[in-house]
Amino acid sequence: MIVVVGVISSAPAWVMPRRYVDQLRRDFPQHTFLDGWDRQTLRRLLPDADVAFTPFVDRDIFPSLGRLRWVQSPAVGVGSLMFPELLASEVVITSARGIRARAIAEHVLGVTIALARKLPVAIRAQLEHRWAQEQLEGADVDVRTLQGQRMGIVGLGSIGRTLVGIAAPFGFRITGIRRRATGPPPAGVEEVWPPDRLNDLLAQSDVVVIAAPHTPDTKHLIGRSELDVVRRGALLVNVARGKLIDDDAVVEALKDGRLGGAALDVFTQEPLDPASPYWDLPNVIVTPHVSGALRDYWTPLVALFAENLRRFEHGEALLNVVDKVAGY
């Protein structure tokens with residue numbers, strides 16, 4: 001079996017070190033591993049692949065990939081693979097769902113605390129060598145404790161459920177939204193609502209966390225009409241994809257107080273444009289798509305791929321199979 005490995009990216013942190021390809025060759029000597037370290041090489045190798053471990057399968061070459069049976073994405077989001085020809089094919093797609101979930105959940109809790117305690121204001125004052133006590137405490141200062149606050153989580157997949165596991169003991173009351181809202185709610189979640197109740201969730205939540213996948217149905221999930229009903233002063237945290245929010249509408253809401261603050265880790269265009277108003281808003285935390293950062297992401301990712309490769313060899317069910325209809 002020929003396995004093409006091309007875990008590459010324009011971001012150096014997201015390029016898999018070569019030693020992991022060597023490890024796969026040692027662990028699976030019965031297979032041939034071809035590695036590509038740029039898009040052109042990957043395009044040249046894929047027509048020979050039975051299996052691909054890569055985030056990229058270009059639509060224009062897909063008709064030539066007659067041998068391909070399975071694609072393991074190194075990421076949770078698989079939007080780049082969701083083109084009609086691949087969706088209609090029998091090629092199975094699996095994702096890296098769950099590997100970064102704990103790191104992202106901790107990031108969400110951390111930036112939520114930072115916004116509630118107005119740490120961005122303190123950090124800006126520190127850079128200016130300015131004692132900002134009057135901006136951080138007093139009857140007119142919106143500094144918050146989070147005990148008993150309502151957190152609304154849009155998306156109760158692996159990230160959302162992991163977040164519940166640390167946010168509920170912290171003292172949050174939690175409402176969630178997921179595509180299938182039937183059955184009992186997960187432990188720690190008071191209620192689970194379907195997507196058509198998004199406005200209800202926004203109206204009652206002190207903190208809104210976007211953790212839903214990017215699909216045609218979730219583009220601009222948070223726009224002007226949604227922000228018109230949001231609980232005034234709510235905090236918005238987006239660790240999903242930048243295209244799930246309408247940037248212009250969010251900026252307006254941050255300026256006029258409908259949103260009390262935002263922590264944004266993902267953006268419509270990355271890197272974020274230096275001219276973006278997000279950089280200068282005092283109630284915004286900008287992080288460069290690192291909410292899932294781990295000291296060692298590659299060991300668990302390659303272990304997942306190796307386990308799936310063993311399952312694939314024996315005709316067993318794979319882990320983290322993507323629902324092509326749902327898009328995740």
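The values are calculated or read from the model by the stated rules, or taken from the named source; none is laboratory data. Keep in mind that this is a model prediction, so the values were computed, not measured. Backbone-built Cβ (ideal geometry, glycine too); neighbour counts: all protein chains shown. The protein model used for the area step is the full one, side chains on, heavy atoms only, and it has no ligands, DNA or RNA in it. Shrake-Rupley method; radii C 1.70, N 1.55, O 1.52, S 1.80 Å.
For the residues Ser95, Ser64, Ser89, the requirement of being open to solvent by less than 70 Å² (accessible area, probe 1.4 Å) and either under 29 Å from Pro288 (Cα atoms) or within 25 Å of the chain's Cα centre (by Cα) (or both) singles out Ser95.
For the stretch 255-266, the set of residues classified as surrounded by fewer than 21 Cβ atoms within 10 Å (Cβ to Cβ) and touching an Asp or Glu at 6+ places or on another chain (Cβ under 9 Å) consists of Arg258 only. Would you check if Asp206 is closer than 16 Å to Leu115 by Cα, acidic (Asp, Glu) and out of contact with any His (no Cβ under 6 Å at 6 or more places or on another chain)? Yes, satisfied. Of the strands (runs of 3 or more DSSP E) lying entirely inside the stretch 113-194, the ones with 1 or more residues being of a type in the set (Lys, Arg) and open to solvent by 80 Å² or more (accessible area, probe 1.4 Å) are found at 173-177. For the stretch 98-112, the set of residues classified as over 30 Å from Leu81 (Cα atoms) and open to solvent by 30 Å² or more (accessible area, probe 1.4 Å) consists of Gly110 only. Just one of the listed residues (Gln23, Gln72, Gln40) is closer than 18 Å to Ala306 by Cα and open to solvent by 50 Å² or more (accessible area, probe 1.4 Å), namely Gln23.
Only a single criterion out of (1) touching a residue at least 40 places away in the same chain (Cβ under 8 Å); (2) farther than 27 Å from Val15 by Cβ; (3) open to solvent by 10 Å² or more (accessible area, probe 1.4 Å) is not satisfied by Ile285, namely (2).
Considering every residue within the stretch 76-85, establish whether at least one is outside any loop (DSSP other than H, G, I, E, B), touching a His at 6+ places or on another chain (Cβ under 7 Å) and of a type outside the set (Val, Ile, Thr). Yes, that holds for at least one residue.
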